[in-house]
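Here's the structure we're looking at; comments come further down.
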Amino acid sequence: MKIMKKNVLFPVACFLMAAPLLTSCHDDVDSSTAENTTIHTYSLVADGANALQQEPATRALKEDANHKIKSEWGGQDDILAYVVGGDDLHTANYSYITNRNLGGKSNFDGEIASSAALTTNSEIAFLYPGKAAQGNNRTITPVVKNDDRSSLYHEASDKTQKLVELNLSKQDGTAKTIGERFDFQWTKQKPKKVEGKKVDVSLGKLKRIVTIWGLRFTNESNQPLTNIDSIYISNVKSSDVFNLDAGTFVENNFDDERTNLVIKPEQGQTLSSANGKYTYAAFIPGTYTDVVVMVFANNKVYQRTYSSITFNEGIVYRSDLLKMEEPKQKASVLVQGVQWATGNFIHYGPVNGGYWGIAPAQWWISKRAMYIDSHRNETSSGGTLVSSQFANSPKQTTDDVDLFRFGDIENALNLNSNRYKSGNVEISQKFYVGDGPFQKQTSDRTKAKYGDLVWYYTMNNHRQYRYPTEADILSLLNDANVQPAYCYTDKGTLVYGAYYTTNTGSASNRLKAFPTGVRAYDKYKNVTALVRANIGLFLPITGKRETLNDLMGLRDMTWGSGAYGAYMSSASSAPLKTKFFMFGPKEWSYKELPFSKELSVAIRPVLVSDDGQEDPVYSAFANIK
């Protein structure tokens, strides 16, 4: 069977990805199927008169003057029809029935294909809206399980299947579009009558398998938000695999599920809550935790977080999110009992008078936005704007450093140095007068040449941080939930990494989706809104810098051997060695590398103390969100 990869497009250089686009298929029935299977084609007539028992019921969704959702069958409405048990008949396209009348007496007709002769004991599954399974902009896609992966993971197929992916991740906020593309409804019925090649069936009551959420927003002054550019809803399920036979979603297939929903109006349009107007979102029902609604309007960002919220299928919910406020970066995020900083440790700006401390965002990597030419080499102007994760061996410079050698304070900005703290030592919140294994420890900061670089630069701040200990790092390696993820930077580029949350269940229920495989961009989840809301820990894939070298290696997400994030702890594993926590497309490990302590890698600090006051914002970071 011919299999096609999922179509995932990102706003970074499209030439970086070689995944083919899933297009509408018009080829004939697969030759092997045609040779071995008799295809029975029937004229199917379906009575839709009783399918409007819900309120709102079935298609077409629209909002009346009182903001109530109304629905009725529309002319030329399509419903996907699939004969249950016909798994051996994988045609290029599903069968569809089309509404030929308007109003409550709607009748649908069309041709339906089956590998077996139909009787009144046959079962036919119906999924609405049928048009959502057609064309290049489909939201219903047939999928098959990829047996090459250890987890339940499905890939798009160019033939009909009983499993379909329902994708609700991108919407425009209108009831009309939900009705056309996302208002998924299902039923399974047996024919009332089969006479020759004519089949009659009653649709009965279709079950809406999504939930709809109507939202209105006000700002901090309780004024309705207008000029809304986009809305992000995080931690609700916006994509999953549905079984047409069973009428249920596939369970325990975390790799298939998307948990982010983006609402953007049509080009040149905005959304508004003025005059009582709602913005609508459809998604898969469930009980969700840490749901974040983030609204971009009037050049500001507004946020509301729900610690737990339940949505049931077939129901239209309405919420007024009042007095929304702009989120601020917190001192830390709690994961597995550790208060992790909300950014990697960095140096930014001039060597003298620049900034030393926590990055202004969790997604921060050096050269978060840079131009590359057609060979993916850095260029001063023009070219394609990407993060350094899509460049060929980018060079680190002293004005933007996020990779450091173990325990080096004195020479931290000498990128071509090979100095580090030797000896079998633990350096968290400790200073040493020299780098040798027998150099004395000191409590005098002015004499410190080696030791805890993070503590050295933050110990006198309102928010104080240290190197993470080995126990801190191992809590991520062994205990925390982890998902492949990406964030949008303030420049619109993408930064990929790993997103960690506390595992409150047993070790066997832990979510761990690494390694991902190389260039598996569709496996990564957009967590921009979550990390901005200070929910969860995001560690970017930052690679490493070899000794006596200013080039950043293994940061390139397009590299066939795989990039990785390498994060150090404060512990030595031997006089010249330390271990690094490594994760990425081909990595999930805690190990020593060649040139261990000479190697420069990332540091995600841990909070020591926060007196409740904020440290002054470095001027270059004032407008970074």
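Ignoring ligands, DNA and RNA, what percent of the accessible area of the chain is carbon or sulfur (1.4 Å)? Ligands and nucleic acids excluded, carbon and sulfur reach 46 percent. In percent, rounded to a whole number, the relative contact order of segment 414-544 is 17, using alpha-carbon pairs under 8 Å and six or more apart.
Taking the DSSP beta bridges with both ends in the chain, the antiparallel portion is around 85 percent.
Using Cα pairs closer than 8 Å and at least 6 residues apart in sequence, work out the relative contact order for segment 283-353, in percent. Intermediate values should be presented prior to the final figure.
Working: 72 pairs, mean separation 16.6, N = 71.
Rounded, it is 23 percent for segment 283-353.
Bridges between two residues of segment 446-541, per DSSP, are antiparallel at a rate of about 80%. Expressed as a fraction of 2.2 N^0.38 Å, the value expected for a compact globular protein of N residues, the C-alpha radius of gyration of the chain is 1.10.
Could you rank the peptides 534-541, 130-137, 484-491 by their average count of other C-beta atoms within 10 Å per residue, with the highest value first? Don't jump to the answer; show the numbers that get you there.
On the way: 534-541: 24.6, 130-137: 15.9, 484-491: 20.6.
Output ranking for 534-541, 130-137, 484-491: 534-541, 484-491, 130-137.
Once backbone amide H atoms are built at 1.01 Å from N, Val335 has Trp340 as its partners under 5 Å, excluding neighbours fewer than 5 places away on the same chain. Between Glu592 and Phe580, the built amide H atoms are under 5 Å apart, and every one of these is 5 or more places off in sequence or on another chain.
For segment 264-287 versus segment 155-173, the spacing of their alpha-carbon centroids is 21 Å. For segment 265-280, the residues whose backbone nitrogen is under 19 Å from a point 7 Å from the Cα of Ser221, taken along Cα to Cβ, are 272-276.
Any of Lys525/Lys597; Lys449/Lys625; Lys421/Lys591 with alpha carbons more than 25 Å apart? Name them for me. Those over the limit are Lys525/Lys597; Lys449/Lys625. Heavy atoms of the protein chains alone define the surface here; on that basis segment 421-553 has 37 Å² accessible area per residue at 1.4 Å probe size. Residues in segment 323-330 carry Karplus couplings, in order, of 6, 5, 10, 7, x, 10, 5, 8 Hz; the curve used is 6.51 cos²θ - 1.76 cosθ + 1.60 with θ = phi - 60°, and Gly or Pro positions show x.
Give, as a single signed number, the net charge of other residues whose beta carbon lies under 12 Å from the beta carbon of Ser422, with Lys and Arg counted +1 and Asp and Glu -1. Value of the local net charge: +2.
Couplings 3J(HN,Hα) for segment 410-421, derived from phi with the Karplus relation 6.51 cos²θ - 1.76 cosθ + 1.60 (θ = phi - 60°), are 4, 10, 4, 9, 8, 5, 9, 7, 10, 7, 6, 8 Hz, where x marks Gly and Pro. With contacts taken as Cα pairs under 8 Å and at least 6 residues apart, the chain reaches a relative contact order of 11 percent. Normalised per residue, the accessible area of segment 563-624 is 39 Å², obtained with a 1.4 Å probe and no contribution from ligands, DNA or RNA.
Counting only Cα atoms, the size of segment 551-625 along its three principal axes is 41, 34, 22 Å, in decreasing order. Cα centroid separation, segment 215-252 to segment 302-341: 13 Å.
What are the trypsin sites (Lys or Arg not before Pro) within segment 172-272 that DSSP puts in a loop, where the Cβ has at most 15 other Cβ atoms within 10 Å? Qualifying residues, ordered by number: Lys192, Lys197, Lys205.
How fast does segment 405-561 diffuse by Stokes-Einstein, in µm²/s, taking the Kirkwood radius from C-alpha pairs at 10 °C and 1.306 mPa s? Estimated diffusion coefficient is 87 µm²/s. Evaluating 6.51 cos²θ - 1.76 cosθ + 1.60 at θ = phi - 60° for every residue in segment 119-132, the Karplus couplings come out as 9, 6, 9, 5, 10, 10, 8, 10, 9, 10, x, x, 5, 6 Hz, glycine and proline recorded as x. Using a probe of 1.4 angstrom and keeping all protein chains present, the accessible surface of segment 146-216 works out to 37 square angstrom per residue.
Per residue, the chain reaches -1000 deg cm²/dmol at 222 nm when only DSSP H runs of four or more residues are counted, each adding -39500 (n - 2.57).
The values are calculated or read from the model by the stated rules, or taken from the named source; none is laboratory data. Because the structure is a prediction, the values reported are computed rather than measured. Because the Cβ atoms are built from the backbone with ideal geometry, glycine has one as well, and the counts that use them run over all protein chains shown. SASA here: full protein model, heavy atoms, side chains in, ligands and nucleic acids out. Shrake-Rupley method; radii C 1.70, N 1.55, O 1.52, S 1.80 Å.
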